[in-house]
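The values are calculated or read from the model by the stated rules, or taken from the named source; none is laboratory data. Keep in mind that this is a model prediction, so the values were computed, not measured. Here Cβ is always computed from backbone atoms with ideal geometry, including for glycine, and neighbour counts include all displayed protein chains. In case anyone asks, the SASA skips ligands and DNA or RNA and just uses the protein heavy atoms, side chains included. Shrake-Rupley method; radii C 1.70, N 1.55, O 1.52, S 1.80 Å.
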Amino acid sequence: MRILIAEDDALSRKMLEAQLKKWGHEVVATRDGIEALEALQRPDAPRLAVLDWIMPGLDGVEVIQRLRGSAEQSFNYILLLTSKDQKADVVSALDSGADDYLVKPYDADELRSRIGAGCRILDLQAQLEQLNGLLTEQARTDSLTRLPNRRAVLEDLSKELQRCARKGA
């Protein structure tokens with residue numbers, strides 16, 4: 001699994017990167033929130049991210065909020081890894097859109113388990129997207145002839161009418 005890490009402390013970033021690589025993951029390492037957000041908005045972005053909360057540029061929660069606020073953004077599983085250990089911090093982070101939360105200094109086995117949970121969720125998400133695509137195809141196609149059905153023709157006609165109205169044709 002490709003994992004993005006965003007950590008401004010060079011030593012912590014290198015240690016986390018080495019740990020993830022040891023577990024067989026490919027790592028995209030960034031030094032601040034701005035780099036992390038840019039990397040997560042690319043078409044080939046990692047689907048799993050481990051973000052520090054306190055970083056220059058944008059903090060981890062701001063990165064999460066911007067990702068979650070983008071309509072065209074695909075789902076990313078985001079683990080917030082931080083030294084903030086108060087219950088209010090955990091609640092705030094999860095309410096902001098983080099999927100998981102882990103306090104530094106972290107236990108390597110716990111991090112590995114949480115990364116594994118994120119990978120399982122992303123696998124389920126991919127399966128769901130694939131099955132939704134199949135259902136959409138089935139809903140738009142005649143099962144006997146494999147031709148577009150009435151619903152598909154009406155949807156396509158509506159899209160074309162909207163395009164013509166935009167173009168003034």
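Cross-link partners for K14 among the lysines, with Cα-Cα distance under 30 Å and sequence neighbours closer than 8 places in the same chain left out: K22, K84, K87, K104.
If you take the square roots of the eigenvalues of the alpha-carbon gyration tensor of segment 117-169 and sort them as a ≥ b ≥ c, do you get rounded (a/c under 1.5), prolate (a/b over b/c) or oblate?
On the way: a/c = 6.15, a/b = 1.68, b/c = 3.67.
Because a/c hits 1.5 or more and a/b fails to exceed b/c, segment 117-169 counts as oblate.
Partner lysines whose Cα lies under 30 Å from the Cα of K167, excluding those fewer than 8 positions away in the same chain, are identified as K159.
For segment 8-91, rounded, prolate or oblate, judged on the Cα gyration tensor with a ≥ b ≥ c (square roots of eigenvalues), a/c < 1.5 rounded, else prolate if a/b > b/c? It comes out oblate by the Cα gyration axes.
Looking at the chain, what % of its DSSP beta bridges pair antiparallel, to the nearest 5?
Values: 1 of 19 bridges.
Roughly 5 percent of the DSSP beta bridges within the chain come out antiparallel.
Could you check how much of the accessible area of segment 81-169 is carbon and sulfur, as a whole percent, using a 1.4 Å probe?
Numbers: 3510 of 6470 Å².
In segment 81-169, the share of accessible area belonging to carbon and sulfur is 54 percent.
May I ask for the Rg/Rh ratio of the chain, computed from Cα atoms with Rh as the Kirkwood radius, given to two decimals? Each step should come with its number before you reach the end.
Details: Rg = 20.7 Å, Rh = 18.2 Å.
On the Cα set of the chain, Rg over Rh gives 1.13.
Quick check: at a probe of 1.4 Å, how many percent of the accessible area of segment 1-64 sits on carbon and sulfur atoms? Whole-percent figure for carbon plus sulfur exposure: 51.
So, for segment 78-169, what is the accessible surface per residue at a probe of 1.4 Å, expressed in square angstrom? Could the numbers behind the result be given before it?
Details: 6470 Å² over 92 residues.
Per residue, segment 78-169 has 70 Å² of solvent-accessible surface.
For Cα pairs less than 8 Å apart in space and 6+ apart in sequence, what is the mean separation divided by the residue count of segment 35-169, i.e. the relative contact order in percent? Don't jump to the answer; show the numbers that get you there.
On the way: 112 pairs, mean separation 23.4, N = 135.
Once normalised by length, the contact order is 17 percent.
Nearest 500 deg cm²/dmol is fine: what mean residue ellipticity at 222 nm does the chain get from its DSSP H runs of n ≥ 4 alone, each adding -39,500 (n - 2.57), divided by its residue count? Walk me through the numbers on the way to the answer.
Values: 6 runs with 91 residues, N = 169.
So the calculated ellipticity at 222 nm is -17500 deg cm²/dmol.
Label reach from D142 (point 7 Å along Cα→C-beta): in segment 148-169, amide nitrogens under 11 Å belong to 148-150.
How would you classify segment 1-55 from its alpha-carbon gyration tensor, with a ≥ b ≥ c the square roots of the eigenvalues: rounded for a/c under 1.5, else prolate if a/b is greater than b/c, otherwise oblate? Could the numbers behind the result be given before it?
Values: a/c = 2.36, a/b = 1.06, b/c = 2.23.
Here segment 1-55 falls in the oblate category.
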